[in-house]
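Below is one structure, written out as structure tokens; comments come after it.
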Amino acid sequence: MKKIGRNDPCWCGSGKKYKACHEALDEKIARYAREGHIVPRRDMIKTPEQVQKIKESAKINVAVLDYVAERIRPGISTEQINQWVEEKTREMGGIPAPLGFEGYPKSVCTSVNDQVCHGIPSEDVILQEGDIVNVDVSTIYDGYFSDSSRMFCIGTVSPEREKLVRVVKESVELGLKEVKPWGFMGDMAQAVQQHVESNGYHVVREIGGHGVGIEFHEDPWVGYIGKRGTDMLLVPGLMFTIEPMVNAGAADIFVDDSDGWTVYTEDGSDSAQWEIQVLVTEDGCEVIAY
Ligand code: MF3
Ligand code: CO
């Protein structure tokens with residue numbers, strides 16, 4: 001990192017002198033780094049202006065999920081969800097981030113039952129009473145990114161499925177409680193993992209969360225298998241997703257060769273996921289999208 005003079009303008013673009021802006025924070029982070037901790041790079045720290053823009057994007061993301069929530073029911077196809085996402089996102093001036101992302105063909109991911117993630121909406125997938133489905137929405141607004149997903153129970157579902165969906169949501173909430181400045185990513189991961197495993201489920205290891213806001217997927221990579229006090233130091237301005245994928249059976253997964261996207265549980269067991277976008281603040285955290 002380039003050395004900035006104390007009276008120079010701060011690197012964050014606030015226009016304030018460095019000494020009156022990020023200097024103290026940078027020094028504190030440097031102390032943790034010297035002690036051997038993983039610390040975020042400067043470009044992972046969002047400025048208040050960026051946070052404001054990302055929140056506008058998130059407003060659309062949340063509205064789109066609410067729009068889906070009001071309409072989803074047995075008998076509809078997952079392509080119908082794709083059209084709702086298109087409709088509502090464009091109406092609010094946004095762009096669905098998944099469309100064309102690394103060649104992804106649709107505007108949303110819809111993952112049903114044993115599909116872990118990246119399920120591609122289709123006319124041929126009709127939601128049946130008893131299904132559980134994850135709807136993963138991501139939005140670009142004025143160049144800023146938001147990302148969150150929810151589970152939906154279609155009609156009445158089995159107690160086993162209902163419990164899986166509930167426990168994964170609880171695990172995200174327990175993880176969220178650990179998100180605060182000068183804590184660690186591992187504090188969050190351990191809380192998620194413990195709740196998931198104490199219910200007999202398993203966290204998917206290969207796919208995790210991510211930094212988000214300026215890009216769809218930024219550093220850091222965020223896993224949900226971890227130990228308290230380890231992994232990246234959490235500092236104000238860091239923004240990332242908590243989005244554990246949880247299998248009722250074994251953690252193993254595979255990607256469908258025929259579409260190159262859809263991820264399934266290896267053993268055919270059910271899988272569930274909730275995703276929130278969270279910002280570390282001066283005194284805790286703020287949920288940006290849910
Ligand atoms: N929305 C997913 C996430 O939570 C990413 C989907 S990538 C796509 O990170 F291309 F499949 F859309
Ligand atoms: Co995500």
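The values are calculated or read from the model by the stated rules, or taken from the named source; none is laboratory data. Model, not experiment: these values are computed from the prediction. Note: ideal-geometry Cβ built from the backbone for every residue, glycine included; neighbour counts use all protein chains shown. With ligands, DNA and RNA removed, areas are computed over all heavy atoms of the protein, side chains included. Shrake-Rupley method; radii C 1.70, N 1.55, O 1.52, S 1.80 Å.
A few comments on the model shown:
- Scan of segment 1-38 for residues that are in a helix (DSSP H, G or I), open to solvent by 60 Å² or more (accessible area, probe 1.4 Å) and more than 28 Å from GLY186 (Cα to Cα), ordered by number: LYS19, ALA20
- Single residue of segment 39-75 satisfying the filter (outside any helix (DSSP H, G or I) and farther than 18 Å from ASP219 by Cβ) that is most open to solvent (accessible area, probe 1.4 Å): ARG73
- Among the residues making up segment 144-187, those that are of a type outside the set (Ser, Thr, Tyr), farther than 19 Å from ASN247 by Cα and under 18 Å from the mean Cα position of the chain (by Cα) are PHE145, ASP147, LEU176, LYS177, GLU178, VAL179, LYS180, PHE184, MET185, GLY186, ASP187.
- Of VAL212, VAL280, VAL235, all but one fail to be within 16 Å of ligand 1 (Cβ to nearest atom) and either of a type in the set (A, V, I, L, M, F, W, C) or buried (at least 23 other Cβ atoms within 10 Å of the Cβ) (or both); the exception is VAL212.
- Scan of segment 217-232 for residues that are surrounded by 18 or more Cβ atoms within 10 Å (Cβ to Cβ) and within 14 Å of ligand 1 (Cβ to nearest atom), ordered by number: PRO220, VAL222, GLY223, TYR224
- For segment 148-164, a residue qualifies if it is away from ligand 2 (no atom under 16 Å from the Cβ) and open to solvent by 10 Å² or more (accessible area, probe 1.4 Å), and the qualifying residues are PHE152, CYS153, GLY155, THR156, VAL157, SER158, PRO159, GLU160, ARG161, GLU162, LYS163.
- Looking at segment 79-190, the strands (runs of 3 or more DSSP E) lying wholly inside it that each contain 2 or more residues that are more than 13 Å from ligand 1 (Cβ to nearest atom) sit at 132-141, 144-153.
- The lone exception for PHE240 - which of (1) part of a strand (DSSP E or B); (2) within 12 Å of ligand 2 (Cβ to nearest atom); (3) in contact with a Phe, Trp or Tyr (Cβ under 8 Å, 6 or more places away or on another chain) it fails: (3)
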